[in-house]
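**Student:** This structure is in structure tokens; I'll ask about it shortly.
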Amino acid sequence: MSTIDELVNKYQKKQQRLQIRFYYDLGKLQNECKHEKTRWMQEIRANGSFKENLYKRCFVCGATVETLEAPNSFKEQLLNKFDSEVESKKSSDNAEKTAH
Ligand SMILES: [Zn+2]
């Protein structure tokens, strides 16, 4: 085995051990977390279609606390609501800019 292969091997093993420790610590964190800071989320593919169900994600430990199967019409409503919130934020930002 060449020196470079030995080095790659050595660090791959270290990486695997670290990864195991990471998942162990993550599991511990998620078990102990009270999931107090959560948000419902929705992932969208690059082509604009919805990825999966809605899911409630904890921002402290990253766990998915709950999922909700929702029809596309419901998700569409959410996106429309989000759109209009962003638009109103934009126009209030613009109004603030012109005021100064
Ligand atoms: Zn949590």
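The values are calculated or read from the model by the stated rules, or taken from the named source; none is laboratory data. Computed from a predicted structure; not experimentally measured. Ideal geometry is used to build each Cβ from the backbone, glycine not excepted, and the neighbour counts take in all protein chains shown. With ligands, DNA and RNA removed, areas are computed over all heavy atoms of the protein, side chains included. Shrake-Rupley method; radii C 1.70, N 1.55, O 1.52, S 1.80 Å.
**Student:** Quick check for me: using +1 on Lys/Arg Cβ and -1 on Asp/Glu Cβ, what's the dipole size of the chain about its Cα centre, in debye to the nearest 20?
**Tutor:** For the chain, the charge dipole is close to 420 debye.
**Student:** Something else about it: Build a GNM of the chain with springs between Cα atoms under 10 Å: which of Lys51, Lys81, Lys14 gets the top mean-square fluctuation?
**Tutor:** Checking each option, the largest mean-square fluctuation is seen for Lys14.
**Student:** Within segment 14-100, what whole-number % of the accessible surface is contributed by carbon and sulfur, with the 1.4 Å probe and all protein chains included in the calculation?
**Tutor:** Ligands and nucleic acids excluded, carbon and sulfur give 51 percent.
**Student:** Can you find, among Cys61, Met41, Ser73, the residue farthest towards the positive end of the dipole of the chain? Put +1 on the C-beta of Lys and Arg, -1 on that of Asp and Glu.
**Tutor:** Cys61
**Student:** Let me ask something else about it. Quick one: Cα centre-to-centre distance for segment 1-44 and segment 49-90, in angstrom?
**Tutor:** 27 Å
**Student:** Using the heavy atoms of the protein chains alone and a 1.4 angstrom probe, what is the accessible area of the chain per residue in square angstrom?
**Tutor:** Here the residues of the chain average 88 Å² of exposed surface.
**Student:** As a check on your grasp of the helix formula, calculate [θ] at 222 nm for the chain: sum -39500 (n - 2.57) over DSSP H runs of n ≥ 4, divide by the residue count, round to the nearest 500.
**Tutor:** -21000 deg cm²/dmol
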